[in-house]
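Take a look at the following structure, please.
Nothing in this text is a laboratory measurement; each read-out follows from the coordinates by a stated rule. This structure is a prediction, so every number in the text was calculated from the model and none was measured. Note that we place each Cβ from the backbone using ideal geometry, even for glycine, and neighbour counts take in every protein chain shown.
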Amino acid sequence: MVRKIKLQAKNREFTRKISELSGEVAMLCEQCGTCAGSCPMLAEMDITPSQMMRLVQLGQEAVLENKTFWVCASCYTCTVRCPRGIDPAKIAEALRQVKLRQAIDYIRIDEIEPEEAKKLPAIALVAAFRKMTG
Ligand code: SF4
Ligand code: SF4
C-alpha cells in the first residue's frame, strides 16, 4: 500500500512540474530500492536513484544540486525493473531539463582543455554535449 504524503504548496508545485516534464508519477514510488540496486552508474552518483525519487516525491528542489540525474546514463535498467512501473530515467531527464532551461550546463565546453579533448572519444563528447548542455 502506498502511503499518502501531504506536501506544502511550493513542494507540490515542484513535484507536479517534474511529473509534467517526465510524464511519470513519482508519487507511485514505494522506495523499494530496486533502481538503486540495479544502477550501473551508482558508484559515480552522490545520491541513489531511489533517493532522487524520494526527493522528487517530497518536492525538494534541493535534488537539483545533486549530480545523480546528470550521471544517469539513461540505460533504462531501473525502468524495466521498477515494480511500480515508474521510469526513473525519465525523472532524471526532467531534472536535467529544469537545469538546462535555467541555462545551467553540466559540461562547459570552454572549460575542456584542448589537449584533454583530443584524448576523449569524439562520440562520447558529442553524446555528453547533447545530453548535458543546452
Ligand atoms: S525501483 Fe521504482 S518503486 Fe523502487 S525505489 Fe526505484 S522508482 Fe521507487
Ligand atoms: S537509467 Fe539511469 S538511474 Fe536508471 S539504472 Fe540506468 S543509469 Fe541508473
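This table checks each residue for (1) near ligand 1 (Cβ under 10 Å from one of its atoms); (2) touching a Cys at 6+ places or on another chain (Cβ under 7 Å).
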| position | (1), (2) |
| --- | --- |
| Glu30 | yes, no |
| Thr34 | yes, yes |
| Gly37 | yes, no |
| Ala43 | no, no |
| Asp46 | no, no |
| Gln51 | yes, no |
| Leu58 | no, no |
| Leu64 | no, no |
| Thr68 | no, no |
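Okay, next question. Based on what the data block shows, is Arg54 part of a loop (DSSP other than H, G, I, E, B), touching a residue at least 24 places away in the same chain (Cβ under 8 Å) and either surrounded by 14 or more Cβ atoms within 10 Å (Cβ to Cβ) or more than 11 Å from ligand 2 (Cβ to nearest atom) (or both)?
Numbers: part of a loop (DSSP other than H, G, I, E, B): no; touching a residue at least 24 places away in the same chain (Cβ under 8 Å): yes; either surrounded by 14 or more Cβ atoms within 10 Å (Cβ to Cβ) or more than 11 Å from ligand 2 (Cβ to nearest atom) (or both): yes.
Taking the combined requirement at face value, the residue does not satisfy it.
Looking only at the range 101-134, count every residue that is touching a residue at least 24 places away in the same chain (Cβ under 8 Å), of a type outside the set (Val, Ile, Thr) and in contact with a helix residue (DSSP H, G or I) (Cβ under 8 Å, 6 or more places away or on another chain) and tell me the total.
Of the residues in that region, 5 qualify.
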